[in-house]
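A short worksheet on the structure shown next.
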Amino acid sequence: MTRPTVILLAGLAFLATTAHAQTRRALLVGIARYTEPAGPPQPWTPTALRPIPVQGIFKPFVLRQLEGPVADVYAMRDLLVNTYDFKKPSTNLSERDNDDVQILINENATADRILTLLKTHLIDKAKPGDISVFYFAGHGSRITNSLSEKPGHLDVTIVPADYELGVPAIRDKELARIYRQVPDGVSLTVIQDSCHSGGGARGVTPSLHSRDLPDDPSRTVSDPPDERNGKPLPYPDQQKNPVLILAASQADQLALEMHMGDDVGYRGVFTYALVKTLQSSVTHERVDEIFRKLRANMGMDKQEPVVSGQGRLDKDLFGQQAIPASSIYAIVQSRKGELVELDGGIANGMRAGCILKKDWAESGHAAVRIRVKQTTGLNSSTAEVIGDAGPDDIRKSDKFLVEAFAASPGPPFVVYMPAKSFAATDLSQMVSAVRDELVNAGAVWVDNPAQQPPTHTLVWNGTSWLLYSADSLFAPVDLGATLVSGSVLANVANPKQARFFLQAPPPSELLARLVIGKGETAAIQVTNTSQADATYALAGALRGKELAYFWLRTEKTGEQFPPLSTQIPVSDLAIVDTLTEDIRTLDRVAGWLTLSAAGDISPPFPYRLVLKKVGGDSKVAEKQVVEGEEYKLYLKGDRRQLDALLKLNESPPKRYVYVGITDSAGHGQLLFPEPGAGNQGNRFPVVEEGKGVRSLPEEIPLPGSIRIEPPLGIDHYYLLVSATPLSNPEVLAFEGAYRDAGSRGVEDSDPLTKLLQGIGDTRSVKVVQNPTTWSIDHMLISSVAK
C-alpha cells in the first residue's frame with residue numbers, strides 16, 4: 001500500500017526540524033502461549049519495579065492460549081521499520097541485545113523481562129528528542145484494588161507469560177510508576193491490544209476469540225496513595241511529560257482477535273485496524289484524527305478503543321508537531337450505493353445541504369463531493385454522492401472536508417460595528433483632548449467600565465456622538481458629528497461627581513481590515529444601525545496615550561455594567577486576529593450556554609449532576625457556592641428509578657459522561673474525565689454486585705474537587721451524555737475572551753470532539769430534530785464572595 005505524503009508549505013516548514021528524532025526505540029511484546037506450571041505455583045515476592053505486595057494465594061486455572069499476538073508483534077515491527085524509520089532488528093541472534101527494536105515472544109515475555117526492558121531500554125537509555133514505543137498483545141485481566149477510585153475498585157492488568165506460575169499480572173498503576181520516569185523531551189507511546197486495556201464484547205463466533213481472563217478471584221492489592229499528593233495514582237499519563245496510550249478496548253470490555261483470511265490468519269482486531277489506519281495516514285497526522293479513522297476501520301460497536309494522553313492528542317503519534325487539523329471534517333463509516341454514512345454531524349455544525357469534498361484525490365481520479373441529506377445525531381449523518389464516484393472513490397475511513405456550509409436555522413449572533421469612523425490619528429487626538437479637558441474639570445476618566453461603572457457614557461453611532469447618563473430616563477443627548485468637551489460639559493450638572501467612559505469607535509483602518517460575517521465568521525451577523533440590535537459591540541477605550549479595543553456586551557445582564565473582552569492596543573500587529581478569535585469565542589460560549597437536545601438519549605440517562613460542599617453536610621448546592629470553599633461533583637440518581645431501570649434491563653447500556661464548566665469569564669474547563677484520561681472511567685451506569693444482589697449506586701462521586709476562586713459570577717455547569725465517545729475530550733477546555741481574568745481551580749484535575757468548537761461558532765446549529773444518541777443537562781450556579 002502506498003502511503004500518502006505531505007508536501008510542506010513555507011508555513012509548515014517547522015515540521016522538518018522534528019521529523020527525525022535522535023533514536024527510535026521500541027519494545028514489542030506478544031504472548032500467545034503462556035508457560036504452564038510443572039508443579040504448584042510458587043509464592044510471589046515483590047521486586048524493585050513492583051514493590052506493592054498482593055494479598056491472597058493464587059489459585060491456578062486453565063488459561064486459554066491465543067492465536068494472534070505473535071503475528072501482531074511482527075506486523076507492528078514491519079509498520080515501525082517500513083513507515084516510521086525505526087531500525088530493523090538484527091538477523092544475528094548474538095547482536096539482538098543491542099537492537100533498537102526489542103521483541104519478547106511467548107515464554108520470554110515474563111513480567112520481570114517486560115518491566116526491566118520497559119525501564120532500561122525505553123526510558124533509561126532515552127535522551128531528549130528520542131522516541132520510545134511500548135506495544136503489548138496478549139491477555140488482559142483485572143484485580144481488586146481496595147484504594148482504587150475506578151468503578152468496581154478494579155485495576156486493569158496485562159498478563160505476562162509466567163502468570164500461571166503465580167506471578168501476578170502487571171497492573172496499570174505499576175506501569176504508571178515507570179511511565180512517570182520518562183525524561184523530559186522523550187516521547188513515549190504505549191499501544192495495548194488486550195482485554196480491559198482502556199482502563200461486553202459482542203457475541204463470539206467461531207472466527208472470533210477474546211483476549212480476556214477472569215478477574216483474579218483469589219488475590220487483591222491495596223495500593224497506597226501517590227506520595228506527591230496523598231491520593232491514589234490517577235491514569236498513567238498524568239505527568240509533566242505525558243504518555244500517549246492507545247488501547248484496544250474500554251476497561252469493562254473484551255478485546256477480540258479474528259481470523260482475517262488464510263493469507264493473514266488470526267490477528268487482533270484492534271492491531272489489524274491500527275496498522276491499516278497508520279499505513280493510510282499522512283505524515284505527522286494528528287492523533288485525534290488517527291483515532292477517528294481507527295474507530296471507523298474497527299467497525300465493532302462493542303469493542304471501543306481508547307486514546308489518552310494530556311496534550312498528546314493534537315500531536316502526531318510520536319509527540320511531534322502535527323499537521324494542523326482542518327476546521328471541519330467527517331470520516332466515512334460506510335457506503336451503500338449513492339448513500340454515505342459519516343462520522344460527523346450536529347456537533348460539527350453540519351446540517352442538510354452541507355457540501356463535503358474528499359481530502360485528497362486518488363491518482364487519476366477527479367475530486368469527489370458529497371452532500372449531507374440528514375444529520376442523525378451529534379456524531380452521525382447521511383450524505384449522497386454528487387456527480388460521478390466509482391466504487392473505489394469513497395471507502396471506509398476516508399476523510400471529507402466541509403467545502404460549503406448550509407444556512408443555520410438558529411438565531412443569529414449579532415455584533416455592532418459602525419459603518420463609518422475616523423482615521424486613527426484624528427480619533428486618538430479627539431479622544432485625548434476630551435479626556436484631558438474632562439479630567440481638568442474634575443471628572444473621573446474610566447478606561448475599564450467592567451471594573452469602574454461610569455455615570456456617563458459617550459458613544460459614536462456612525463453619524464453622531466451620543467451622551468448617555470446612568471440616571472437619565474430619557475433618550476441620549478445627540479452631540480453631533482464633532483466631539484468637543486464643551487458640549488459634553490454643558491449637558492452634565494456636576495462634572496466633579498461624574499465618571500466618564502468614552503466608547504471609542506474602531507478607526508477606519510481597523511474597520512477595513514477586520515472582516516466579520518464572512519469566511520470563518522460567516523454565521524456571525526454584523527449590524528451598523530444600533531448597538532441595541534447586537535449582543536456585542538466593537539469598542540475602544542483610551543488607556544494612557546493609546547486606544548485599546550475589545551468586544552463589549554450590550555445586553556442587560558443584571559449587573560451595573562456588563563463584562564468586556566481583552567483590551568488590545570490598536571498598535572498591536574495581531575489586533576485583527578485577536579479580535580476575530582475573541583468574537584468567535586464569545587459566540588461559541590453563547591451557543592454552548594443555550595445548547596439543548598430536542599429529545600433525550602434512549603433509554604434516559606438515570607443520573608443528574610449535583611454539587612456538594614466538601615466537609616459540609618450532604619445538602620446539594622442548588623444555586624449558590626461561596627468563594628474559598630471546596631466542592632465535589634456527584635452523579636445522583638433516584639433509587640426507585642434506578643431499580644426500575646435495572647429491572648427492565650439487567651445490563652443497562654453504558655454512556656460516555658462528560659462534565660464541564662463555563663465560568664463567568666468565558667473560560668471552559670473539563671472537570672470529568674480528568675484531563676489526559678481520554679475516555680477511561682467515564683462510562684456509566686456501572687452495576688454493582690454484592691452478596692448476590694445487583695444494584696445501581698444512588699450516588700457516584702467524581703474524582704477531584706473544585707475550589708471556588710475569582711472571577712465570581714454565574715457559572716454554567718453541564719452534564720453531557722453520549723452513546724459515542726469524544727475523540728479528544730480536552731476540546732471542552734478553552735480560553736475565554738476575558739484573558740485577564742482567572743478561572744476556577746480544579747484540583748488534580750469524531751465529530752463530537754468538535755462539540756465545543758462547533759456549538760455557537762461560525763458553524764453552529766440549533767438542534768431541531770430529535771436525536772436519541774446524546775443529551776445535555778445544564779446547571780447554573782452563582783459564585784459569591786465569602
Sort out which residues of the stretch 453-501 are of a type in the set (A, V, I, L, M), in a strand (DSSP E or B) and either touching a helix residue (DSSP H, G or I) at 6+ places or on another chain (Cβ under 9 Å) or open to solvent by less than 20 Å² (accessible area, probe 1.4 Å) (or both), and write them in order of number. L458, V459, L467, V477, L479
Identify all residues within the stretch 63-84 that are open to solvent by 90 Å² or more (accessible area, probe 1.4 Å) and more than 20 Å from L256 (Cβ to Cβ); write none if there are none. N82
Can you find, within the stretch 339-354, the residue that is nearest to F291 (Cα to Cα) among those that are modelled with pLDDT under 90 and more than 24 Å from the chain's Cα centre (by Cα)? C354
Conditions first: (1) at pLDDT 80 or above; (2) open to solvent by 60 Å² or more (accessible area, probe 1.4 Å). E304 passes all but one, so which condition is the exception? (2)
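Let's see how each residue does on (1) at pLDDT below 85; (2) crowded, with 20+ Cβ neighbours inside 10 Å; (3) part of a strand (DSSP E or B):
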| residue | (1), (2), (3) |
| --- | --- |
| Y658 | no, yes, yes |
| A677 | yes, yes, no |
| Q680 | yes, yes, no |
| R694 | no, no, yes |
| L719 | no, yes, yes |
Please verify whether the stretch 2-20 includes one or more residues that are open to solvent by 60 Å² or more (accessible area, probe 1.4 Å) and at pLDDT 70 or above. no
Is it the case that the stretch 359-366 has a residue that's in contact with a strand residue (DSSP E or B) (Cβ under 9 Å, 6 or more places away or on another chain) and modelled with pLDDT of 80 or more? no
Any chance you could count how many residues in the stretch 605-625 are of a type in the set (A, V, I, L, M, F, W, C), outside any loop (DSSP other than H, G, I, E, B) and surrounded by fewer than 16 Cβ atoms within 10 Å (Cβ to Cβ)? 1
Please enumerate the residues belonging to the stretch 78-93 that are of a type outside the set (F, W, Y) and either touching an Asp or Glu at 6+ places or on another chain (Cβ under 8 Å) or within 19 Å of S280 (Cβ to Cβ) (or both). D78, L79, L80, V81, N82, T83, D85, K87, P89, S90
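Being in contact with a strand residue (DSSP E or B) (Cβ under 6 Å, 6 or more places away or on another chain), buried (at least 17 other Cβ atoms within 10 Å of the Cβ) and not in a strand (DSSP E or B) is the filter here; which residues of the stretch 705-717 pass it?
S705, I708, L712 - these are the residues of the stretch 705-717 that are in contact with a strand residue (DSSP E or B) (Cβ under 6 Å, 6 or more places away or on another chain), buried (at least 17 other Cβ atoms within 10 Å of the Cβ) and not in a strand (DSSP E or B).
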Considering only the stretch 144-162, state which residues are closer than 15 Å to L63 by Cβ and modelled with pLDDT under 90. T157
State which residue is modelled with the lowest pLDDT when the search covers only the stretch 85-140 and only residues that are over 22 Å from P46 (Cα atoms) and among the small types (G, A, S). S94
Tally of residues being open to solvent by 20 Å² or more (accessible area, probe 1.4 Å) and part of a loop (DSSP other than H, G, I, E, B) across the stretch 266-299: 6
Give the number of residues within the stretch 249-272 that are more than 16 Å from D78 (Cβ to Cβ) and at pLDDT 85 or above. 2
Quick one: in the stretch 119-139, of everything that is in contact with a strand residue (DSSP E or B) (Cβ under 6 Å, 6 or more places away or on another chain), of a type in the set (A, V, I, L, M) and not in a loop (DSSP other than H, G, I, E, B), which residue is surrounded by the most Cβ atoms within 10 Å (Cβ to Cβ)? A137
Only unsatisfied item for A512, checking (1) of a type in the set (A, V, I, L, M, F, W, C); (2) surrounded by 14 or more Cβ atoms within 10 Å (Cβ to Cβ); (3) outside any loop (DSSP other than H, G, I, E, B); (4) under 39 Å from the mean Cα position of the chain (by Cα), is (2)
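The values are calculated or read from the model by the stated rules, or taken from the named source; none is laboratory data. Because the structure is a prediction, the values reported are computed rather than measured. Every residue, glycine as well, gets a Cβ built from its backbone with ideal geometry; the counts of neighbours run over all protein chains shown. Note: accessible area is taken over every heavy atom of the protein model, side chains too, but ligands, DNA and RNA are not part of it. Shrake-Rupley method; radii C 1.70, N 1.55, O 1.52, S 1.80 Å.
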